[in-house]
Amino acid sequence: ILQRQQNTWPSSVSNKTDGIGDPPTVGQNFQGNEFEGVPNDNDMAISNDGKLVSVTNSMVYIFDVVQDTLLLAISLEAFTDSTVGLPARKFDPRVTYDFQQDRFIMAYLSGNRSTENGIVLAFSETNDPMGNWNMYALPGNPFNDSTWSDYPMMEIADGRLLLTVNQIRDGVSWQLGFTQSIIWQIDKATGYAGSNLSTRMYSGIEYGGKPLRNLT
């Protein structure tokens, strides 16, 4: 049985007056992401030194907020090192700043079919996002079935990068084709160093007998 509790709060209408305030002013700013694709999948990260990395569904922007200068605007295709071996269309970028190591990490997808899908991981070698990035490819279809990875999310904890993705069935919408969410656990130190990436994958994550979706 639901019970409704009714409260009486004092009105403050009598204390309000209409008037004309000062117009808003534009402070430090920079050009925002242009509309590119549906959805835009905007994400951004900023370092202690004021280097800002902003990403959309197809572009990477690097901005210096101290100098108020756009340093780079580049497509995900051009940003990707060809050695990762993922030639399909790039989308769904995410970026985060590791304040403990003063580095950036980026993740995005390549291809939306089980036969071509992969996950691109990029680790900045230094705190300067204009410098070198170490890039890796994770399998988008680790189960060798008819699913592919979609909607990446990232978090950093205890020296590890936690990357979650949704597995989607081929030829079905992301709403109806969802099968499960999986977690990639990655030793971020190996990524920063450019050495062989140390990873573990967790799957079969359920609650009440049903797979959990969009793990974050």
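The values are calculated or read from the model by the stated rules, or taken from the named source; none is laboratory data. The model shown is predicted, which means the values in this text are computed figures rather than measured ones. Cβ atoms come from the backbone with ideal geometry, glycine included; neighbour counts cover every protein chain shown. Accessible surface areas use protein heavy atoms only, side chains included; no ligands, DNA or RNA. Shrake-Rupley method; radii C 1.70, N 1.55, O 1.52, S 1.80 Å.
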Matching residues in the range 50-105 - criterion: being in a helix (DSSP H, G or I), open to solvent by 30 Å² or more (accessible area, probe 1.4 Å) and either among the small types (Gly, Ala, Ser) or at pLDDT 95 or above (or both): 77, 78, 82
Name the residues in the range 171-194 that are of a type in the set (A, V, I, L, M, F, W, C), in a strand (DSSP E or B) and over 26 Å from residue 125 (Cβ atoms), would you? 178, 182
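Restricting attention to the range 106-118, report how many residues are surrounded by fewer than 18 Cβ atoms within 10 Å (Cβ to Cβ) and in contact with a Leu (Cβ under 9 Å, 6 or more places away or on another chain). Quick ask: steps written out before the conclusion?
Within the range 106-118, the subset surrounded by fewer than 18 Cβ atoms within 10 Å (Cβ to Cβ) is 113, 115-116.
Now drop any that are not in contact with a Leu (Cβ under 9 Å, 6 or more places away or on another chain), which leaves 116.
Residues that pass the stated criteria total 1.
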For residue 121, all conditions in the list (1) out of contact with any helix residue (DSSP H, G or I) (no Cβ under 7 Å at 6 or more places or on another chain); (2) surrounded by 20 or more Cβ atoms within 10 Å (Cβ to Cβ) hold save one; what is the number of the exception? (1)
What tally of residues in the range 126-154 results from selecting those that are surrounded by fewer than 16 Cβ atoms within 10 Å (Cβ to Cβ) and either at negative phi or not polar (S, T, N, Q) (or both)? 7
Please indicate, with yes or no, whether at least one residue in the range 149-162 is modelled with pLDDT of 95 or more, within 19 Å of residue 203 (Cα to Cα), small (Gly, Ala, Ser) and in a loop (DSSP other than H, G, I, E, B). no
So, in the range 178-189, of the ones that are free of Cβ contacts under 8 Å to residues at least 60 places away in the same chain and open to solvent by less than 20 Å² (accessible area, probe 1.4 Å), which residue ends up farthest from residue 135 (Cα to Cα)? 181
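Could you list, in sequence order, all residues of the range 60-75 that are under 18 Å from residue 97 (Cα atoms) and without any contact (Cβ under 8 Å) to a residue 60 or more places away in the chain?
Of everything in the range 60-75, those that are under 18 Å from residue 97 (Cα atoms) and without any contact (Cβ under 8 Å) to a residue 60 or more places away in the chain turn out to be 60, 61, 63, 64, 65, 66, 71, 72.
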Looking only at the range 192-216, count how many residues are of a type in the set (Ser, Thr, Tyr) and touching a residue at least 60 places away in the same chain (Cβ under 8 Å). 4
Among (1) outside any strand (DSSP E or B); (2) out of contact with any Leu (no Cβ under 8 Å at 6 or more places or on another chain), there is one condition residue 197 misses while meeting the rest; what is its number? (2)
Considering only residues that are modelled with pLDDT of 70 or more and of a type in the set (Asp, Glu), look in the range 35-49 and name the one that is most open to solvent (accessible area, probe 1.4 Å). 49
Any residue at all in the range 155-177 that is crowded, with 19+ Cβ neighbours inside 10 Å and among the small types (Gly, Ala, Ser)? no
